[in-house]
Amino acid sequence: MFTIRLHWTKEAKAAENGPAADLNELLKINSEPSTDFLRTWNDFKDRIPKDLLCFARDSGGSVYLIGIKEYNLGKIFFWDRDYEADIDAGETPNYDNIAFVANSFTEFLLALREEPDDGESLEDWVKRVYPE
């Protein structure tokens, strides 16, 4: 499994979950339910902003997204399920629970790193793996 750094906005409550997330599986066409692209899209299409498309999952049920509109085309984001909009209460999906990850799919792949060491916090892992 791989881990990648997340870039949350300062006001994002989802940042409480940490500065990184794991990449568990890429979605596929005609595969088992948990990794099937069409099934996942149907599950998430009303839960994420309309300008994004899911393409991968982490181990906790959150998804990675790629921008599909001119202004965010190809950019990679991470959607945190713990802070999603309450659609049943009339909330509209927005970017409050979405972190920026990379400017392109290639940049996303190049940014993937090994998992944190046992007992290593995500904050310490980010400092070690992504030195400033």
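Looking only at the stretch 23-43, count how many residues are within 18 Å of A99 (Cβ to Cβ) and either at pLDDT 95 or above or surrounded by fewer than 16 Cβ atoms within 10 Å (Cβ to Cβ) (or both). Step through it out loud before you land on a result.
As a first pass, look at the stretch 23-43 and keep what is within 18 Å of A99 (Cβ to Cβ): 23-24.
Subset that is either at pLDDT 95 or above or surrounded by fewer than 16 Cβ atoms within 10 Å (Cβ to Cβ) (or both): 23.
So the answer is 1.
For the stretch 119-129, indicate whether the set of residues that are under 21 Å from G18 (Cβ atoms) and touching a helix residue (DSSP H, G or I) at 6+ places or on another chain (Cβ under 6 Å) is non-empty. Give the steps one after another, and end with the answer.
Initially, the stretch 119-129 is screened for residues under 21 Å from G18 (Cβ atoms), giving 119-129.
Narrowing the set further to residues that are touching a helix residue (DSSP H, G or I) at 6+ places or on another chain (Cβ under 6 Å) leaves none.
No, because not a single residue in the stretch 119-129 is under 21 Å from G18 (Cβ atoms) and touching a helix residue (DSSP H, G or I) at 6+ places or on another chain (Cβ under 6 Å).
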Scanning the stretch 60-108 for residues that are in contact (Cβ under 8 Å) with a residue 60 or more places away in the chain and acidic (D, E), which turns out nearest to I4 (Cα to Cα)?
D80
Search result, residues across the stretch 12-36 that are under 23 Å from D86 (Cα atoms) and in contact (Cβ under 8 Å) with a residue 12 or more places away in the chain:
A12, K13, A14, A15, N17, G18, A21, S34
So which of A21, A15 ends up being assigned to a helix (DSSP H, G or I), in contact with a strand residue (DSSP E or B) (Cβ under 8 Å, 6 or more places away or on another chain) and not β-branched (V, I, T)?
A15
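Which residue is modelled with the lowest pLDDT, if the candidates are limited to the stretch 1-12 and must be among the hydrophobic types (A, V, I, L, M, F, W, C) and in a strand (DSSP E or B)?
Let us first name the residues in the stretch 1-12 that are among the hydrophobic types (A, V, I, L, M, F, W, C), namely 1-2, 4, 6, 8, 12.
Those still in the list that are in a strand (DSSP E or B) too: 2, 4.
Working: F2: 93, I4: 96.
Of everything passing the filter in the stretch 1-12, F2 is modelled with the lowest pLDDT.
The values are calculated or read from the model by the stated rules, or taken from the named source; none is laboratory data. Just so we're clear, the structure is a prediction, and the values are computed from it rather than from any experiment. Heads up, the Cβs are rebuilt from the backbone with ideal geometry, glycines too, and the neighbour counts pull from every protein chain shown.
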